[in-house]
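Reading through the structure tokens given below for one structure.
Derivation of every value follows stated rules applied to the coordinates shown; laboratory data play no part. Everything numeric here is computed off the predicted structure, so don't read it as measured data. All Cβ positions, even for glycine, are placed from backbone atoms using ideal geometry, and neighbour counts span all protein chains on display.
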Amino acid sequence: MTQPAKIIIDTDPGQDDAVAILLALASPELEVVGITAVAGNVPLALTEKNALKICELAGRRDIKVFSGAIRPLMRALVTAEEVHGKTGLNGPDLPEPTMTLQDEYAVDFIVRTLMNEAPGTVTLCPLGPLTNIALALIREPKIAERIKQIVLMGGGYFEQGNVTPSAEFNIYVDPHAADIVFRSGVPIVMMPLDVTHKALTTRARVEGIRAINTPVGKATAELLDFFERYDERKYGTDGGPLHDPCVIAYLLKPGLFSGRDCNVAIETASELTMGATVVDWWGVTGRPANAKVMRDIDADGFFALLTERL
Ligand code: RIB
Ligand code: CA
């Protein structure tokens with residue numbers, strides 16, 4: 001077997017982040033060299049604790065978890081307790097973590113790892129606002145040519161936004177960080193709402209996960225039971241969009257997804273459309289492509305992979 005692919009998961013858990021982390025930890029093709037927490041769905045004090053809780057749920061006390069940015073680069077933090085609950089991991093009753101955070105600051109860990117590992121061998125998997133990633137690129141610009149790729153959940157084009165009519169939450173919270181990342185020249189694979197809204201946690205899919213009948217299967221079903229209710233009410237669908245695991249599933253089975261190379265620019269000036277990802281899907285601007293933008297997913301294949309790994 002080839003060497004596992006080295007990844008850093010940057011995250012704001014968040015039930016869907018939790019499922020993404022569980023999927024990664026259950027996949028021998030991946031080596032999670034570290035998990036870096038960022039403020040997003042809930043404040044940093046909770047996202048860092050939630051990351052520890054998820055590692056313990058997975059029985060992976062060996063995983064290194066780092067604390068990162070407490071707020072966006074320029075704007076005040078906007079959180080999403082209405083979606084994720086007060087703790088950010090509402091649903092299962094997970095015990096307080098006994099694992100502790102690493103002393104090193106997340107941004108320093110990202111830079112150190114990229115400078116120490118061979119160029120083109122580490123993939124960054126941001127699942128929340130891009131603050132830590134932007135800070136790392138500013139702290140050490142040399143990492144840009146050493147990052148293998150950034151596979152991120154964020155943005156929306158045909159689906160537009162979820163936190164405002166124009167903007168998806170991760171980009172909206174820190175549009176300036178997103179602007180830095182999309183201008184960095186690093187190869188980007190973007191999982192926008194256009195694809196994640198097609199990955200719905202239908203009742204049958206959630207019951208398939210509960211039927212795994214293990215602590216992880218039970219906790220994951222309880223995470224999804226809670227997480228989906230907000231979007232089911234909002235969109236009137238059976239199930240909610242399972243955003244963040246799309247990033248990990250892409251690394252495991254890229255053929256589950258399809259999209260195209262596009263130019264993506266971030267709105268950072270207009271309050272009305274702040275954080276919009278302006279995707280030149282039809283190639284009308286002449287601006288060079290800077291991201292592979294996904295639009296379609298084999299949802300049954302995605303949930304089969306997720307359930308089998310969990
Ligand atoms: O808009 C969805 C994204 O925002 C997901 O990453 C979810 O966890 C939240 O961070
Ligand atoms: Ca997230």
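Looking at L256, L305 in this structure, which one is under 29 Å from K6 (Cβ atoms), out of contact with any Phe, Trp or Tyr (no Cβ under 9 Å at 6 or more places or on another chain) and away from ligand 1 (no atom under 16 Å from the Cβ)?
Values: L256 fails: out of contact with any Phe, Trp or Tyr (no Cβ under 9 Å at 6 or more places or on another chain).
Every option except L305 fails the conditions.
Quick check on the range 7-39: of everything there that is free of Cβ contacts under 8 Å to residues at least 40 places away in the same chain and not aliphatic (A, V, I, L, M), which residue is surrounded by the fewest Cβ atoms within 10 Å (Cβ to Cβ)?
Of everything passing the filter in the range 7-39, P28 is surrounded by the fewest Cβ atoms within 10 Å (Cβ to Cβ).
Looking only at the range 13-36, which residues are within 11 Å of ligand 2 (Cβ to nearest atom) and farther than 19 Å from A249 by Cβ?
Answer for the range 13-36, where residues must be within 11 Å of ligand 2 (Cβ to nearest atom) and farther than 19 Å from A249 by Cβ: there is none.
Yes or no: the range 121-133 includes at least one residue that is farther than 18 Å from P254 by Cβ and more than 16 Å from ligand 2 (Cβ to nearest atom).
We begin by selecting, within the range 121-133, every residue farther than 18 Å from P254 by Cβ; these are 128-133.
Those still in the list that are more than 16 Å from ligand 2 (Cβ to nearest atom) too: none.
Scanning the range 121-133 turns up no residue that is farther than 18 Å from P254 by Cβ and more than 16 Å from ligand 2 (Cβ to nearest atom).
Within the set of pairs 6 or more residues apart or between chains, which connect a residue that is under 10 Å from V19 (Cα atoms) inside the range 212-224 to a residue that is of a type in the set (F, W, Y) and exposed (fewer than 15 other Cβ atoms within 10 Å of the Cβ) with Cβ atoms less than 9 Å apart?
none
Please pick out the residue among M274, M294 that is part of a loop (DSSP other than H, G, I, E, B) and either in contact with a helix residue (DSSP H, G or I) (Cβ under 8 Å, 6 or more places away or on another chain) or over 28 Å from A80 (Cα atoms) (or both). Explain how you work it out, then say what you get.
Numbers: M294 fails: part of a loop (DSSP other than H, G, I, E, B).
Being part of a loop (DSSP other than H, G, I, E, B) and either in contact with a helix residue (DSSP H, G or I) (Cβ under 8 Å, 6 or more places away or on another chain) or over 28 Å from A80 (Cα atoms) (or both) holds for just one of M274, M294, which is M274.
Kindly check whether there is at least one residue in the range 42-63 that is surrounded by fewer than 23 Cβ atoms within 10 Å (Cβ to Cβ) and β-branched (V, I, T).
yes
Go through the range 65-80 and give me each residue that's in contact (Cβ under 8 Å) with a residue 24 or more places away in the chain and of a type in the set (G, A, S).
Keep residues of the range 65-80 that are in contact (Cβ under 8 Å) with a residue 24 or more places away in the chain, which gives 65-75, 77-80.
Once the filter is applied, which keeps residues that are in contact (Cβ under 8 Å) with a residue 24 or more places away in the chain and of a type in the set (G, A, S), the range 65-80 yields S67, G68, A69, A80.
When the residues of the range 233-271 are narrowed to those that are loosely packed, with under 14 Cβ neighbours inside 10 Å and assigned to a helix (DSSP H, G or I), which ends up nearest to ligand 2 (Cβ to nearest atom)?
K234
I'd like the full set of residues that are crowded, with 21+ Cβ neighbours inside 10 Å, within 16 Å of ligand 2 (Cβ to nearest atom) and not polar (S, T, N, Q), limited to the range 190-214.
If the condition is that a residue be crowded, with 21+ Cβ neighbours inside 10 Å, within 16 Å of ligand 2 (Cβ to nearest atom) and not polar (S, T, N, Q), then M190, M191, P192, L193, V195, A199 are the ones that fit.
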